[in-house]
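Report on the following structure.
The values are calculated or read from the model by the stated rules, or taken from the named source; none is laboratory data. Every value quoted in this text rests on a predicted model; they were computed, and no experiment measured them. When we count neighbours, we look across all protein chains shown, and the Cβ atoms used for this are built from the backbone with ideal geometry, even at glycine.
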Amino acid sequence: MNTRIRFAALLAAPLLMLALPAHATLRVFACEPEWGALAHELGASDVDVTVATNAIQDPHQIQARPSLIARARNADLVVCTGAELEIGWLPVLLQQSGNAKVQSGQPGNFAAADYVRKLDVPSRLDRAQGDVHAAGNPHIQTDPRNIALVAAALAQRLQQLDPTHKADYATRGADFARRWQSAITGWSAKAAPLKGLNVVSQHKAFVYLYDWLGLKEVAVLEPKPGVEPTASHLQQVLASLKGNPARMVIYAAYQNPRPSEWLSRNAGIPAVKVAFTVGGTDGAKDLFGLFDDTVSRLLAAAAGGAAR
Amino acid sequence: MHRLLPASIALALAAPLSALADTSADITAMRQEIDALRASYEARLQALEQRLKATEAAAATPATPPPAPPPAAPPPATVAASGNGFNPSISLILSGLYTHTSQDPGKYGITGFPLPGDAEIGPGPRGLGLTESELGLAASVDPWWRGAANISIHADNTLEIEEAYVQTTALGNGLSLKAGRFFANVGYLNPQHSHTWDFVDNPLAYQAMLGTQYGDDGLQATWIAPIDQYVELSAELGRGRSFPGTDSGRNGAGMAAFSAHTGGDIGDSSSWRAGLSVLNAKASAQRLSTLNRSGSLVDSAFSGSTRVWVADAIWKWAPDGNATRTNFKLQGEYLRSRRNGSLVYDVDGADSAGAYGATQSGWYLQGIYQFMPHWRVGLRTEQLDAGTPDYGVNAGALAGDGFRPKKNTLMLDFSASEFSRVRLQFARDQAHEGASDNQLFLQYQMSLGAHGAHSY
């Protein structure tokens with residue numbers, strides 16, 4: 001009997017060692033840098049965050065790389081945009097991870113776009129319209145009011161998943177909400193001169209930003225979403241600007257600047273590179289920096305300076 | 001709530017103050033005071049704590065939404081009106097091909113590699129034609145299983161169930177189980193569907209040693225190690241229904257395979273994966289077209305076992321990891337097959353049974369470069385070695401001459417979007433001794449319906 005117990009203990013020992021890395025910290029796998037930054041704000045030292053993409057990668061076009069599978073396998077929480085932004089890689093990544101906690105529908109699977117109102121929801125789905133997303137435009141992080149909504153939901157989710165640090169998440173959530181709110185007030189006031197300005201976008205990536213600041217998108221350089229700008233389409237955009245001039249052309253840090261630069265030269269308007277996410281520009285070091293930098297770049301362009 | 005603050009400050013101060021007290025009497029007195037304080041406040045503290053918790057929970061929701069006009073409330077959940085909302089996602093791959101060859105494809109063979117008469121090797125029929133149309137269905141079954149099927153409709157109007165499997169989703173611990181029909185998880189290319197290949201055809205080594213692509217009916221267990229380094233182990237059992245095995249209605253398994261893969265990133269720009277796999281298959285009375293010394297094809301029957309080792313490696317590069325504009329992919333595999341058993345030479349004629357043992361090997365190396373958006377160019381070079389088979393008593397009729405099949409392939413493809421691809425491919429195929437073949441293909445591959453997510 002005794003030896004049997006000893007044997008069982010011997011068998012259990014390696015299992016215990018396997019179980020030990022059940023860290024005190026919650027392991028968060030963020031698909032995009034903005035959600036990684038948000039998880040840092042809300043979780044601080046209680047979370048261990050890995051970010052799957054950087055600001056100069058196109059979040060539509062990521063591969064289910066081995067390193068990502070390994071990290072998704074060990075995650076307690078996957079925080080992604082959702083709204084089909086990651087449809088080309090996230091489903092296969094989760095499937096291959098063998099991690100039951102982060103499968104769709106589980107508490108460990110958090111899709112930010114579920115908590116905001118989506119714009120550009122297509123009335124009809126047809127790929128002849130380009131890379132349209134059935135759930136609406138997924139680039140929700142360009143409006144800080146969306147970040148506030150997502151932060152509230154994410155703080156709740158962190159409390160649910162890691163009850164031992166519940167109070168800490170709640171405190172940090174409330175603190176972030178307060179700081180974020182006053183920052184939004186500041187950005188909105190500062191950006192007031194932008195209201196009503198006509199702009200051109202390279203990709204339909206900024207509808208939420210425009211919705212917030214009251215900018216008017218008069219043209220898009222991509223002929224269809226996700227389709228590279230063509231010379232003929234650029235000429236059409238240029239011609240359309242004659243009757244309806246725009247003040248600037250806006251592109252995201254991860255995009256090829258050439259189409260925007262071409263329009264900038266030919267239409268005589270500044271091309272503005274915006275960070276799009278945390279890390280996209282030198283100024284966008286965190287979520288606050290992201291909007292500080294975005295607003296100041298847009299203002300500089302509106303004032304006539306070439307914000308590059 | 002505010003009365004809690006002085007109390008806690010007093011408590012907090014009491015502890016460090018006690019350190020300053022000189023005599024033990026003072027300490028005792030203070031302890032007693034604190035105890036008294038604690039006793040009297042304990043009940044109220046608990047009550048206050050509970051009230052605090054309740055207010056916090058209530059405050060968590062209303063405190064966070066911004067007072068500034070919010071973009072909007074979360075949308076009402078869109079629920080499909082009918083039961084159709086549960087329909088599986090459906091995708092359809094449409095593909096067609098124009099083939100031009102300098103040799104008759106009907107006489108194609110890989111010299112030194114006896115294969116079943118119906119093996120899918122070579123360039124296929126000349127002229128315009130459809131390649132397989134592939135219908136894919138996939139959905140969650142319930143919270144514990146998902147299911148997927150790929151049904152391939154061939155140009156000759158025959159249906160083939162390429163894959164039809166169920167897979168666990170809720171086992172956790174990096175483990176998943178699959179049951180049904182699926183492509184064996186060996187090597188790099190074997191589990192990949194043909195519409196994701198970078199060339200029109202699979203490499204010669206796959207054609208000669210794994211029946212182009214090895215699929216089977218069986219069970220598979222896959223496990224991802226719980227460490228930051230990617231380590232994937234998989235083991236599977238199958239009935240051995242296709243080459244290099246044969247379906248013979250045995251009770252046990254006719255195929256067993258095991259594979260180990262690892263991989264990772266090198267900075268932001270590169271990633272890699274490499275692995276080693278082994279597949280064992282049993283064959284009985286497997287009909288093979290064998291080329292004899294006088295140069296004619298005769299039917300032989302192989303019974304025995306085959307062990308195929310596959311070493312695979314792939315390296316992908318894109319500037320800063322952004323593959324949208326340019327990217328490069330280098331991929332290579334080495335296959336080694338050991339067949340052991342008996343061979344009945346010329347089944348309908350001489351019918352001479354003898355021992356048979358052969359060690360065959362082959363490799364390919366390919367590079368694919370996307371030099372500008374939409375456009376990719378690719379080069380593949382490959383070679384096979386039939387080894388020196390031991391034909392036993394049939395050595396007089398069958399011995400080979402050490403010919404090494406070779407092939408070089410160049411391709412250029414254009415993808416208007418990620419859903420469509422048009423490809424031009426030229427190959428100089430020297431697999432058949434004395435019959436070098438120049439092959440030209442023009443192919444389209446289009447994907448309709450559900451957005452497929454591709455594995456690495």
Taking the options B:Leu135, B:Leu130, name whichever one is surrounded by fewer than 19 Cβ atoms within 10 Å (Cβ to Cβ) and in contact (Cβ under 8 Å) with a residue 40 or more places away in the chain.
B:Leu135
Scope segment A:6-26; condition modelled with pLDDT of 55 or more and either crowded, with 18+ Cβ neighbours inside 10 Å or assigned to a helix (DSSP H, G or I) (or both); matching residues
A:Arg6, A:Leu26
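Pull up segment B:141-176, narrow it to residues that are at the interface with chain A (Cβ under 8 Å from one of its Cβ atoms) and either outside any strand (DSSP E or B) or small (Gly, Ala, Ser) (or both), then point me to the one that is farthest from the chain's Cα centre (by Cα).
So the residue we want is B:Pro143.
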Enumerate the pairs (first residue in segment B:410-432 and assigned by TED's automatic domain parsing to the domain that holds B:Ser361 and closer than 22 Å to B:Gly106 by Cα; second residue anywhere and hydrophobic (A, V, I, L, M, F, W, C) and assigned to a strand (DSSP E or B)) with beta-carbon separation below 6 Å, excluding pairs fewer than 6 apart on the same chain, so at least 6 apart or on different chains.
B:Gln425/B:Met411; B:Gln425/B:Phe441; B:Phe426/B:Leu410; B:Phe426/B:Leu440
Have a look at B:Ser277, B:Ser300, B:Ser259, B:Ser284 and point out the one that is in the same structural domain as B:Gly215 (by TED's automatic domain parsing) and either more than 19 Å from B:Arg239 (Cα to Cα) or touching a helix residue (DSSP H, G or I) at 6+ places or on another chain (Cβ under 6 Å) (or both).
B:Ser300
Search result, residues across segment B:332-346 that are crowded, with 21+ Cβ neighbours inside 10 Å and at pLDDT 95 or above:
B:Glu333, B:Leu335, B:Ser337, B:Arg339
Within segment A:26-51, residues free of Cβ contacts under 8 Å to residues at least 40 places away in the same chain and within 14 Å of chain B (Cβ to nearest Cβ) come out as A:Asp48, A:Val49, A:Thr50, A:Val51
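If only one of B:Thr306, B:Thr326, B:Thr290 is of a type outside the set (Phe, Trp, Tyr) and within 13 Å of chain A (Cβ to nearest Cβ), which one is it?
B:Thr326
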State all residues of segment B:121-136 that are hydroxyl-bearing (Ser, Thr, Tyr) and over 24 Å from B:Asn87 (Cα atoms); if no residue qualifies, say none.
B:Thr131
Kindly indicate whether any position in segment A:183-198 is over 24 Å from A:Gly280 (Cβ atoms) and within 10 Å of another protein chain (Cβ to nearest Cβ).
no
Among the residues of segment A:226-273, which ones are aromatic (Phe, Trp, Tyr) and either touching an Asp or Glu at 6+ places or on another chain (Cβ under 6 Å) or not assigned by TED's automatic domain parsing to the domain that holds A:Asn198 (or both)?
A:Tyr254
By residue number, the members of segment A:94-141 that are within 8 Å of chain B (Cβ to nearest Cβ), among the aliphatic types (A, V, I, L, M) and within 23 Å of B:Asp142 (Cα to Cα) are A:Ala100
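Here's the yes/no breakdown for (1) farther than 30 Å from B:Glu418 by Cβ; (2) assigned by TED's automatic domain parsing to the domain that holds B:Ser415; (3) within 22 Å of the chain's Cα centre (by Cα):
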site: B:Trp309; (1), (2), (3): yes, yes, yes
site: B:Gly354; (1), (2), (3): yes, yes, no
site: B:Ile368; (1), (2), (3): no, yes, yes
site: B:Val377; (1), (2), (3): no, yes, no
site: B:Pro389; (1), (2), (3): yes, yes, no
site: B:Ala395; (1), (2), (3): yes, yes, no
Looking at segment A:88-115 only, could you name the residues that are free of Cβ contacts under 8 Å to residues at least 40 places away in the same chain and either under 14 Å from the mean Cα position of the chain (by Cα) or in a loop (DSSP other than H, G, I, E, B) (or both)?
A:Gly88, A:Trp89, A:Gly98, A:Asn99, A:Gln103, A:Ser104, A:Gly105, A:Gln106, A:Ala111, A:Ala113, A:Asp114, A:Tyr115
Given segment B:220-296, what strands (runs of 3 or more DSSP E) lie entirely inside it while holding 3 or more residues that are touching an Asp or Glu at 6+ places or on another chain (Cβ under 6 Å)?
B:255-266, B:270-291
What are the residues in segment A:150-159 that are of a type outside the set (S, T, N, Q), facing chain B (nearest Cβ under 9 Å) and in contact with a Lys or Arg (Cβ under 9 Å, 6 or more places away or on another chain), if any?
A:Ala155
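From the list B:Trp317, B:Trp309, B:Trp272, which one is under 30 Å from B:Leu410 (Cα atoms) and touching a Lys or Arg at 6+ places or on another chain (Cβ under 6 Å)? Step through it out loud before you land on a result.
Values: B:Trp317 fails: touching a Lys or Arg at 6+ places or on another chain (Cβ under 6 Å); B:Trp272 fails: touching a Lys or Arg at 6+ places or on another chain (Cβ under 6 Å).
The conditions single out B:Trp309.
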Is it the case that some residue within segment B:307-320 is at positive phi, surrounded by fewer than 22 Cβ atoms within 10 Å (Cβ to Cβ) and in a strand (DSSP E or B)?
no
Look at A:Pro144 and say whether it is more than 10 Å from chain B (Cβ to nearest Cβ) and not acidic (Asp, Glu).
no
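Okay, residues lined up against (1) of a type in the set (Gly, Ala, Ser); (2) within 14 Å of chain A (Cβ to nearest Cβ); (3) closer than 15 Å to B:Ala119 by Cα:
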| residue | (1), (2), (3) |
| --- | --- |
| B:Gly211 | yes, no, yes |
| B:Asp216 | no, no, no |
| B:Asp228 | no, yes, no |
| B:Val231 | no, yes, no |
| B:Glu236 | no, no, no |
| B:Arg241 | no, no, yes |
| B:Pro244 | no, no, yes |
| B:Arg250 | no, no, no |
Tally, over segment B:375-399, of residues that are under 21 Å from B:Asp201 (Cα atoms) and either polar (S, T, N, Q) or surrounded by fewer than 15 Cβ atoms within 10 Å (Cβ to Cβ) (or both):
5
Exactly one of A:His133, A:His60 is surrounded by fewer than 21 Cβ atoms within 10 Å (Cβ to Cβ) and either under 30 Å from B:Ser234 (Cβ atoms) or in contact (Cβ under 8 Å) with a residue 40 or more places away in the chain (or both), and that residue is A:His60
What number of residues within segment A:69-87 are part of a loop (DSSP other than H, G, I, E, B) and either within 11 Å of chain B (Cβ to nearest Cβ) or in contact with a Lys or Arg (Cβ under 7 Å, 6 or more places away or on another chain) (or both)?
7
Return the residues of segment B:224-262 that are at positive phi and surrounded by 15 or more Cβ atoms within 10 Å (Cβ to Cβ); say none if nothing qualifies.
B:Gly240
